[in-house]
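Step one of this worksheet: look at the structure below.
Coordinate-derived values only; no laboratory data. Everything numeric in this text was worked out from a predicted model, so none of it was measured. Note: ideal-geometry Cβ built from the backbone for every residue, glycine included; neighbour counts use all protein chains shown.
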Amino acid sequence: MVGRLEDLAPGEKIYSARFMGDRGYLVTFRKVDPLFVLDLSQPTNPKVLGKLKIPGYSDYLHPYDENHIIGVGKETVAAEQGDFAWYQGVKISLFDVTDVEDPREIDKYEIGDRG
């Protein structure tokens, strides 16, 4: 092991990861989807640069260009009671990571619904 990030998202599972040069992108999920932007320029000391919390999650991250990532996954609605979320339709998102400290979901398209 070269480096590690600890306590990034306690209790959440990693749903997708993408590595692009000195940056890494990681999606975890339990009730909402944090998309983490990671600085991997020093492999022995990786750092979180920014994160975005939105409903749903991305199972797959694909680079569109240097500053945009396409995410494919599920839309969700967090349950009002309990520690879970209701799955909805398939979600395709476009993320802008130009500002690594403030990533944004600039567009999304939902296909289908719960079921």
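Filter region 48-58 for residues that are surrounded by 14 or more Cβ atoms within 10 Å (Cβ to Cβ) and part of a strand (DSSP E or B) and give the result. Write out each step before concluding.
Our first condition is that a residue be surrounded by 14 or more Cβ atoms within 10 Å (Cβ to Cβ); within region 48-58, this holds for 48-52, 54-58.
Of everything in region 48-58, those that are surrounded by 14 or more Cβ atoms within 10 Å (Cβ to Cβ) and part of a strand (DSSP E or B) turn out to be V48, L49, G50, K51, L52, I54, Y57, S58.
Here are L26, L5: which of them is part of a strand (DSSP E or B) and touching a strand residue (DSSP E or B) at 6+ places or on another chain (Cβ under 9 Å)? Working first, answer last.
Working: L5 fails: part of a strand (DSSP E or B).
Answer to the check: L26.
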May I ask you to list the residues in region 30-47 that are more than 14 Å from I14 (Cβ to Cβ) and not in a loop (DSSP other than H, G, I, E, B)? V37, D39, K47
Cβ-Cβ distance below 9 Å, separation of 6 or more or different chains: which pairs start in region 1-13 with a residue that is free of Cβ contacts under 8 Å to residues at least 24 places away in the same chain and end on one that is part of a loop (DSSP other than H, G, I, E, B) and surrounded by 10 or more Cβ atoms within 10 Å (Cβ to Cβ)? G11/R30; E12/R30; E12/K31; K13/R30
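I'd like to know if region 97-111 contains one or more residues that are touching a Pro at 6+ places or on another chain (Cβ under 6 Å) and farther than 23 Å from G11 by Cα. Outline the logic, then answer.
Taking region 97-111 and keeping what is touching a Pro at 6+ places or on another chain (Cβ under 6 Å), we get 97.
Now restrict to residues that are farther than 23 Å from G11 by Cα: 97.
Checked against the condition, which is being touching a Pro at 6+ places or on another chain (Cβ under 6 Å) and farther than 23 Å from G11 by Cα, region 97-111 yields at least one hit.
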